[in-house]
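The values are calculated or read from the model by the stated rules, or taken from the named source; none is laboratory data. Note that this is a predicted model, so its numbers are computed, not measured. Backbone-built Cβ (ideal geometry, glycine too); neighbour counts: all protein chains shown. Calculation scope for accessible area: heavy atoms of the full protein, side chains included, ligands and nucleic acids excluded. Shrake-Rupley method; radii C 1.70, N 1.55, O 1.52, S 1.80 Å.
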Amino acid sequence: MQRRKRMGKSALILAGIMMLGTAMSPVFAQSGKKGKSASSASKVIGPKSGQSGDQVIRTAVPERPSGQKHVLGLRAPKLDTVRVGFIGLGMRGPGAVERFTHIPGVKIVALCDKHGERVEKSQKILDKAGLPAAASYSGSEEAWKELCQRKDIDLVYIATDWKHHAGMMIYAMEQGKHVVCEVPAAMTLEEIWKVVDTAERTQKHCMMLENCVYDFFELTTLNMARQGLFGEILHVEGGYLHNLEDFWDYYEGDWRMQYNKTHRGDVYPTHGFGPACQLLDIHRGDRLDVLVSMDTKPANLPEYLINKRGMSREEAYDFRNGEHTMTMVRTAKGKTILIRHDVSSPRPYSREYEVTGTKGFAQKYPQEGYAFRSDSPVEAGVMPDHENLSGHGFVSEEAKKALMETYKHPIHKELEEQAKQVGGHGGMDFIMDYRLVYCLRNGLPLDMDVYDLAEWCCLVPLSEISLDNGSAPVAVPDFTRGHWNDVQGYRHAFTE
């Protein structure tokens, strides 16, 4: 009976229409006893026969408004000094403020949180760094709008809860600001399309703050892939496997638990999905095509609510999200991605990260390692005994270190030591912020654009649509609306 509740009415509606073989365009019905499905705002064009005759659910793709241009490769005027305002100073915001005190060419203009004591705490970070106090905004749910309206801010940096992300990004861009936002930046297709349209209409940078693409192993592996060491990359895996049992009570208003309770699917996909999409040049020569999601029943989170919060069993098990969610994605060029989500199983932290190519393999968890075919194009002298490389096992630790040093990404060559000193998830947070400022100051395209944001976040609503309809295949929209093949290959931008 619990499983029936989790499937919701939308599965029954679609199943009936698929049996009839007719097209449809309904708004998804409310799913679950209390929670509204994230797909409820997503118009569905209906099942459509794929190449193999399978039924594929397709969501509506709004036409680009007349006169509106895409923002692929967007370059904005150079900013000698990046004047920034921070919104959200709870769990992630203060760390961002502290990191920005170490980045040249930055002026921290304003700080905002609805709790005044948090603003004051972040002001102390500026004082410790010998910087002047920033303007303070607090005490109101709308205080952040005043920050966005300031004329002396170029960049708005958002680190709030998920439900506020999209609205804040849209408003900031409408006020003429570039905007960056913590992950996931948008939770529904309606939000995603509004963010994309606003970025295109205003021609402002809109970037999601996905830090894991700057991880030392992952960025080095990306550079190795660009040099052809893995051959053609065919399959990538990623995920977010992190037992949050010790953290649930620290999310103000219980927003993260409640989101999992009332929504189904991969609600936090970007840490694993972002690096995978960069490796496969998504919207830079390939595009996401179709996905299918499956999940287990909920288990540990309902039990947590019973044992730690005294919730009744009936209420606790009125829980939408499964213990473990798996989403398989196929690209237009026949590559595949597997993404997993699990925040309640008693297992070691992992973002999965596996790269499978025709000539090599890379893995970060549980053991970092590389494996290659014996005829892999690894340069002579890069590692000991390079002629004996074999796909039957990882290269030696000595060889791995030599590889990573030889193929260290230029970004890490410049920033690795400083990043490790400043910190933030081992330094990748600092590199993310530094690169953001570097690109803005030099008028370069950012490392991630609004289409990355859209693609990496769309797993949230699309995985729910798939699950609520019996793990049906769901087409992934082309958020570039026809321009996914204009740019060939993912690259970071640098000055000459």
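With a requirement of 1 or more residues that are among the small types (Gly, Ala, Ser) and out of contact with any Pro (no Cβ under 6 Å at 6 or more places or on another chain), the strands (runs of 3 or more DSSP E) lying completely within region 70-158 that satisfy it span 82-87, 106-112, 135-137. Against the conditions (1) open to solvent by 50 Å² or more (accessible area, probe 1.4 Å); (2) under 26 Å from ASN469 (Cβ atoms), VAL329 satisfies every one except (1).
Quick one: is PRO346 at pLDDT 95 or above, farther than 20 Å from VAL213 by Cα and open to solvent by 20 Å² or more (accessible area, probe 1.4 Å)? Taking the combined requirement at face value, the residue satisfies it.
Here LYS107 passes the criteria (1) under 19 Å from LEU440 (Cα atoms); (2) charged (D, E, K, R); (3) buried (at least 16 other Cβ atoms within 10 Å of the Cβ) except the one numbered (3).
The single condition among (1) modelled with pLDDT of 95 or more; (2) in a helix (DSSP H, G or I) that GLU387 does not meet is (1).
Exactly one condition in (1) under 20 Å from ARG435 (Cα atoms); (2) open to solvent by less than 10 Å² (accessible area, probe 1.4 Å); (3) more than 16 Å from the chain's Cα centre (by Cα) is not met by LYS204; state its number. Result: LYS204 fails condition (2) only. Taking the criterion of being over 30 Å from SER374 (Cα atoms) and aromatic (Phe, Trp, Tyr), the only residue of region 320-363 that qualifies is TYR349.
Filtering region 277-307 down to residues that are open to solvent by less than 10 Å² (accessible area, probe 1.4 Å), part of a strand (DSSP E or B) and in contact with an Asp or Glu (Cβ under 8 Å, 6 or more places away or on another chain), which residue is farthest from VAL56 (Cα to Cα)? Step by step, filter region 277-307, then rank; the result is ILE282. Those residues that are free of Cβ contacts under 8 Å to residues at least 12 places away in the same chain and assigned to a helix (DSSP H, G or I), I need them from region 311-331; list them, please. ARG313, GLU314, GLU315 - these are the residues of region 311-331 that are free of Cβ contacts under 8 Å to residues at least 12 places away in the same chain and assigned to a helix (DSSP H, G or I). The residue pairs whose first member lies in region 443-460 and is more than 12 Å from MET208 (Cβ to Cβ) and modelled with pLDDT of 95 or more, whose second member is part of a helix (DSSP H, G or I) and among the aromatic types (Phe, Trp, Tyr), and whose beta carbons are closer than 7 Å, counting only pairs six or more residues apart or on different chains, are LEU459/PHE273. The set of residues from region 464-496 being in contact with an Asp or Glu (Cβ under 7 Å, 6 or more places away or on another chain) and within 18 Å of PRO275 (Cβ to Cβ) comprises VAL476, GLY489, TYR490, HIS492. Would you confirm, using the coordinates I've provided, whether MET91 is touching a residue at least 60 places away in the same chain (Cβ under 8 Å) and open to solvent by less than 30 Å² (accessible area, probe 1.4 Å)? It is false that MET91 is touching a residue at least 60 places away in the same chain (Cβ under 8 Å) and open to solvent by less than 30 Å² (accessible area, probe 1.4 Å).
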